[in-house]
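Here is the structure we will look at, set down as structure tokens.
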Amino acid sequence: METPPDPPLTFTILGEVSAARGGEVLDLGPAKQRAVLAVLLLDAGQPVPVEKIVDAVWGDEPPENGANVVQKYVAGLRRVLDPGRAPRTPGELLALSGGGYVLRTAPEALDAQRFEAALAEAADQRGSGQLVEAADTLRRALDLWRGPALAGLTGPVFDAARTRLTEARARAWEKWADAELARGNHTGVMPDLVRLVEEFPLREGLRAQLMIALHQGGRQAEALAAYRDAREYFLEEFGVEPGEKMQETHRRILRGEAFYSEPVDPWSDSDDIPVPASAHLDLGQRYAPTDLTVSTPPPAWSPTPLAPPPLPWAPAQKRRFPIFEVIVAALLPIIVCSFGSWIYFVYAGLRRHDRRQFVVAGGYALLLVAAFVVLTIDPSPVESAELSDTEAIGFLMLLAITAAAAIHGGILAGHPGDTPRDRMLREQSRQFAAFDPIRARQLGVGRPDLIRHFDDGGLVDLNHVPVHELARLPGLGPAEAHRIVIGRYERPYAHPEELVVRGLIPARILRRIRSLLICIPPAQMPAGAPWDSPYHPH
């Protein structure tokens, strides 16, 4: 009697990373082992080099022998995913090839690939006029999502893949809403569109669709109010007017015109990128969120800046001096008589995500312990009016620690460095640049050398910033800055990692400045510029 085949394996990354066999969820083991599986799933069917796995899973803190650690986790995954494999035999499901480890899965085994296939199917259905079928197919595809993609995994590789998948999900929602509106189901889409505008506030397509749904439902005043809300949001957050799509929708509503009154194909609109049957989500490419933009953004998103273009070579706006924090940092060691001289540095380390401040705090704590040890070596009698020599030295140490911590803390507080607000502003600006690179370029995102009407958290655009601004970055001098500028004329940068790939700077310097860098496509890109090239070229 033949042994029945094992139930098929299925994998999910549209939510938490998981694997199941025949509907039974498998225990994937430690968190790092799950992360290794996620890296392999992002390049399912393709060899993944060991160094890429190490870089994705451990980032700036790789293990001493990364290849052996990866091999250990791969062996653990083989035991879970392929339990019938004989020990010490080559793996077939998870194999080692000349280019690295490869996870061989059927196309329908991974939820992200099923999602992609459903988008292609819905595009064909919409193209042939099957609106109901297209909407149903898209809704089934969207139901595959069980939360944020790659939930619980952090690092540049996972963050970039999560951003790409989230962008694909937002685009799928827009196409679903278009299909529903085209077939007259404006009432059914309103609750979802209200929720989606909150979830994706930068998607002007969703905002325009909400306005259309309200207008088609006879609620013109609410449709106009939705436009006012969107305009206030973009003006407050970015200092720009809504894009042409929303403005045209607003004008048509004011004129009382009907939408979808004639046969149209909303999926061919210039503000959306169609998903052909051969399209692929390119899950395994390593990009920063700013690198997700297409090389030539569509004209429908032409910017309407609130202010004139920024003036070249103007000084950047100055920030307020943190006088209150300086006073607290300087007085704290004095108030607590040097006992808490380490406290501010722990706070600074947490706030700035700077491990060096924890080392400083530990140093002050050790000096404080040393001072007390000295005080106890030769204590003077209680009735004595004079201090012993060791007590005098101990008290002098305490005074020196207090003075040093007060001065050091005040100086550190006066140079705020990287604050949570800066990180939030950078992430917000990256999202805006990914959403509309034309407006980001015209507004001067990543250009500290320009007068601007907003704060981008200190971003530096590798494709546009002048040499003297690059030379100000930590670890970069004039020579490195000139090489970077020459490199962008040869080929514009698609992502900051190219600085290391092209041999312009060492990896240790990139790790220091990576969070400050952005790559906005230039207005006129050279033919064949590899904006969609993977991090590890094939």
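The values are calculated or read from the model by the stated rules, or taken from the named source; none is laboratory data. Computed from a predicted model, the values in this text were never measured in an experiment. All Cβ positions, even for glycine, are placed from backbone atoms using ideal geometry, and neighbour counts span all protein chains on display. Surface accessibility is based on the protein's heavy atoms, side chains included, excluding ligands, DNA and RNA. Shrake-Rupley method; radii C 1.70, N 1.55, O 1.52, S 1.80 Å.
Solvent-accessible surface of protein heavy atoms, probed at 1.4 angstrom with all chains present, puts 395, 11, 259 in the order 395, 259, 11, largest first.
Evaluating 6.51 cos²θ - 1.76 cosθ + 1.60 at θ = phi - 60° for every residue in segment 341-358, the Karplus couplings come out as 4, 8, 4, 4, 6, 5, 4, 4, x, 5, 6, 9, 6, 10, 5, 5, 5, 5 Hz, glycine and proline recorded as x. Counting every alpha-carbon pair across segment 1-125, the share separated by more than 24 Å comes to 30%. Accessible area per residue was computed with a 1.4 Å probe on protein heavy atoms; residue 236 scores about 150 Å².
Coupling constants for segment 22-35 follow from the phi torsions by the Karplus curve (6.51 cos²θ - 1.76 cosθ + 1.60, θ = phi - 60°), and in residue order they are x, x, 9, 5, 8, 7, 8, x, x, 4, 5, 5, 5, 5 Hz; glycine and proline get x. Computed from phi, the 3J(HN,Hα) profile of segment 508-520 under the Karplus parametrisation 6.51, -1.76, 1.60 (θ = phi - 60°) reads 5, 6, 4, 4, 6, 10, 4, 5, 9, 9, 9, 10, 8 Hz, with x in place of Gly and Pro. Rolling a 1.4 Å probe over the heavy atoms of the protein chains gives segment 150-234 an accessible area of 36 Å² per residue. With all protein chains in place and ligands, DNA and RNA left out, the 1.4 Å accessible area ranks 108, 199 as 108, 199, largest first.
Using C-alpha pairs under 8 Å with a sequence gap of at least 6, the mean separation divided by the residue count of segment 152-257 gives a relative contact order of 21 percent. Of the trypsin sites (Lys or Arg not before Pro) found in segment 313-416, those that fall in a DSSP loop while having at most 14 other beta-carbon atoms within 10 Å are 318, 319, 320.
Database remark: amide H of residue 517 closer than 5 angstrom to the amide H of 460 (H placed geometrically; neighbours at sequence offset of 5 or more, or on other chains; Pro and chain starts carry no H). Here segment 383-414 and segment 206-229 have alpha carbon centers that stand 67 Å from each other. For segment 49-146, the share of accessible area belonging to carbon and sulfur comes to 49 percent (1.4 Å probe, ligands and nucleic acids excluded). The figure for residue 397 is an accessible area of roughly 50 square angstrom, using a 1.4 Å probe on the protein chains alone.
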